[in-house]
Structures are given as structure tokens and as C-alpha cells.
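What follows is a single structure, written as C-alpha cells, with notes after it.
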Amino acid sequence: MTSIKDFGPEIATLRHMARPAQQRAKRTADPKAAWPRDFIWGVSTSSFQIEGATREDGRGQSIWDTFGAAGRVANHDTGDVACDHYHRYAEDVALMRELGVQAYRFSVAWPRLLPQGRGSANEAGLAFYDRLIDALLAAGIEPWLCLYHWDLPQALDDLGGWTTRDAAGWFADYAALVACRYGDRVKRFATFNEPSVFTLFGYGFGDSAPGASGPVMLRQAMHHVNLAHGAAVDVLRALVPKASIGAIHNYQPCLPATPADAQAAELFGAYWNSAFPDPQCLGAYPPRLADAFAPYVQPGDLARICRPTDWFGLNHYSPIYAKADPSAPLGFTFGPAPSDLTRTPIEWPIYPDAFRDTLLEVSARYRLPVYVLENGFGGHDTPDAAGKVADAPRIDFLKAYTDAMRRAIADGADVRGYFVWSLLDNFEWGSGYGVRFGLVYVDYPTQMRIPKASFRWYADLIKSARQKDGLKGTS
Ligand code: IFM
């Protein structure tokens, strides 16, 4: 059995985050203040969560197909159909155009391009993203392409997946294929989405695909994902002229559920917030984890990982409350949030000040322009008798979080864009289709799309922000 002690010396790397943000001064943003010039408004999705068509046109199997087929997702849901975006992408691009977004962050399904993860490419899969990218460009929407949003080809997992060092080379080859095919039209590339989430849940806690758990596999996977990131940055830089490259990290205060959980929160925070951004942007594992990772780090690795990038992608929803749990595979687990915090219907604390603090923290620590590439509200929306989805709580959430973002910008955070998660209701991983994050409601039996009230609210926000931007004149 593992405990916190297995993870190395205790060094307070995240002490600055342990002070609850509610104790800090609250200020209100000037509602008339304009957003920064050229601020980018967008929406995000991911391949497995929306595409469906998992057995069509030569796509290979991914670890999430396997996980779903094993009945490990709520309600025995699978990604087989999802939002049928593979066939309905044109309708979805039209919705984005109506919304008025300037950019769309999506991911490419590695097993659609390389059914075995390496070797022969699948022309039908490549052609799908040609169609999508061309439709976006025709609609005046900039494609932001993420290489990896968790759908590892099963064939590679059979060879050890991220726990093997070879994975970095497989990923670099896949990145080269993507760069060569789409680099004439796509300039914004992200290597990974939320590497700490898919490694912690997939190799640490064991409740996401591929369902492994234990500190050794976790650290191997984390280090190899870091190596893969560095290798892919080099490949993209070499193959795509004027590429603008980043990685997307979830980053949020990791606070102790009780005073006795302070060490657990520090350790959880080191894994959750720092294990990827620190080596990728600062060239070192956080001190709290350095000894634990030492067995996997070969000479030259940190230089291979820390490659120059152009921006920091930030996903943020709420703070984490951690508690020590010696029986958990990693010695820590999620603890209860304070009872006085309001929560979303899926029990995530609503805490906009923590978002403001995080933006300031990330901007100062990594000194890169920040793009918020996910923020949103998960609920259980249903259409009313008139067929409308009146999601006032989501609007309140988005208002509060965009207001907090504006305050962070006013206080000096270099934030350049904001993307709502998500355009559509979609496959919410282990929760299946029971949780809805979309600005657009998806009626799964008919695949009808119904823009929610929040869709109209976000369209208005973008319109007014861009009008103010236009009024400012050129910079
Ligand atoms: O749906 C996920 C997404 O895939 C990654 N970030 C968090 C979202 C909501 O849980």
C-alpha cells in the first residue's frame, strides 16, 4: 500500500495557494472597461467526446472505447455515437458562426489518423479533419488544434502506452503527420490537454482509461508525456512555419479539506498543478516531486522537455479540496469543499475569486500569454415544455468567471483569450452523458441541437466585447 511518504520529501511548493482566496480583498471589475485589444473568444470540444463514428472509415480503437465497452462508464455509456459530430460537423460549425466565436479548439483523434497508433496513416480519417478545418476557415473561425485529448490508440496501450518511454517517439511521429497534413491551414497547436488529469485518473487513481493505478506507473506516464510534449513542440516548430504552440494545463488552488490535510493538499497540488508546467516551462520538476521522479529522468531529459512555447493554455473550473487517505493509491484523495460554498449541480464549488488568483499566479509564474481554453458549468439541463433550455445558473457562472477574469487582467495578468467548455453537451468521460456542459443542448436520441439561453448570453458578450474592441482604434 502506498502513502504520501512514498512520494518523496515534503517541500512546500504551493504554500502560496493554501490561503483561501475568499480571505483576499474582493474587487469588482469596471463593467464598462474594454477587453484587451485582439482578445480571442472561443469554444472548446474534444474528439472522443463529440465525434462518435468510432468504427467508421478505418478508425482504430482507443483506450476510451475499451473502457466504455468494459462497462466502466456511468449508465454503460460509450462514445460510439456521442454528438455524431463526425457527420454533423457542418451544422456545428454553423452554430459557432452564429455564436460569433473567433476560434474553435478541437482535438484530433490519434486512432482516426493512425489506427494502430503508428505505421500506416488512414486517409479517410485525415480527410475528415481537412473538411472540418476548411469549414472553420470558410466561416472565419480560427482552428486551434490539440493533438491529444485522452484518446490513446489501444494498440499503443497494448505496448505499454504512456508508461513506456517509446511513447514520446510515437507521439512525435503522430505530431509530424498532423503538422504535414494541416500545417498549411492551422497555426495554433496544443500538444496535450490536461496532462495531469488524464495521467492522475488513468494511471494514479485508476478510474479513467486505461484504468491503471499506482505511483510507479503514474510517474512513468507523467514523465513520458512530458518528453512527448517536448518532442512534439520541436516537430511542430520544424514543420509548420509561424506555428504558435502551447500546452493546456488545468491549474487550480489545491486546498486542504481540514488543517490536518495540509501535506496531502501540497502533494496533490504538486501533481495536479506543477508536474507538467514546471518541467515544460521552467525546466525542473517541482521540488516536492523531484526525488520521486529522479529514477525516470535520464541525462538531457529536462532540456528535451523544456522547449520554447508561445502561450500557456489554462483550464479552470473550481478549487480542489484535498484530504489525506492512506488507503488511496496515492495517499491522497478529493475531500469535501466547505459547506458555505455554492456548487454546481455536479458539486463543483463555484469560486470566481480562485479563478482570478489562478490567472495572476499562472501569468506571473510562467511568464507566457495565457489563453483560458476551458471554463464552464456542468449540470443536468432539460428543455422546458416549449422546447427551450433556460440555463440561468450557467449564465450566472459564466458572468461571474468572466468578471473575475477581467479583474485579473486589470491586476496585470496577461490573458489573451477565453474559450467556454463546451460548444455542445457531450460525453463527460466516466459520467457519460448524464452531465451537460454545452452552450448547445444535444438531444441524443434525435441529435437535435438546441442553443441554450447561455448560448445567446455568450453571443451577446462576444458581440459587445468586439464592438468595444473596434471602437478603441488600432494599437
Ligand atoms: O469534459 C472535460 C474535458 O474533457 C476536460 N476538462 C474538463 C471538462 C469537464 O469535466
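The values are calculated or read from the model by the stated rules, or taken from the named source; none is laboratory data. Here the structure is a predicted model, which means the values were calculated and not measured. Counting neighbours? That spans all protein chains shown, and the Cβs are built from the backbone with ideal geometry, glycine included.
What to note about this one:
- Scan of segment 418-429 for residues that are more than 10 Å from the ligand (Cβ to nearest atom) and either free of Cβ contacts under 8 Å to residues at least 12 places away in the same chain or surrounded by fewer than 24 Cβ atoms within 10 Å (Cβ to Cβ) (or both), ordered by number: 424
- Residue match in segment 340-348 (condition: out of contact with any Cys (no Cβ under 8 Å at 6 or more places or on another chain) and farther than 26 Å from residue 457 by Cα): yes
- For segment 431-452, the tally of residues that are away from the ligand (no atom under 14 Å from the Cβ) and of a type in the set (Phe, Trp, Tyr) stands at 2.
- For segment 359-386, a residue qualifies if it is in contact with a strand residue (DSSP E or B) (Cβ under 7 Å, 6 or more places away or on another chain) and either at pLDDT below 95 or not in a loop (DSSP other than H, G, I, E, B) (or both), and the qualifying residues are 359, 362, 363, 366, 370, 371, 372, 373, 374, 379.
- The condition (being within 16 Å of the ligand (Cβ to nearest atom) and farther than 24 Å from residue 150 by Cβ) is satisfied by just one residue among 350, 320, 248: 350.
- Filtered residues of segment 446-458 (kept if farther than 17 Å from residue 401 by Cβ and either aliphatic (A, V, I, L, M) or free of Cβ contacts under 8 Å to residues at least 24 places away in the same chain (or both)): 446, 448, 450, 456
- Qualifying residue in segment 157-172 (condition: within 16 Å of the ligand (Cβ to nearest atom) and at pLDDT 95 or above): no
- Of the set (1) touching a Phe, Trp or Tyr at 6+ places or on another chain (Cβ under 7 Å); (2) in a helix (DSSP H, G or I); (3) within 16 Å of the ligand (Cβ to nearest atom), all apply to residue 268 but (3).
- The single condition among (1) out of contact with any helix residue (DSSP H, G or I) (no Cβ under 9 Å at 6 or more places or on another chain); (2) among the charged types (D, E, K, R); (3) within 16 Å of the ligand (Cβ to nearest atom) that residue 469 does not meet is (3).
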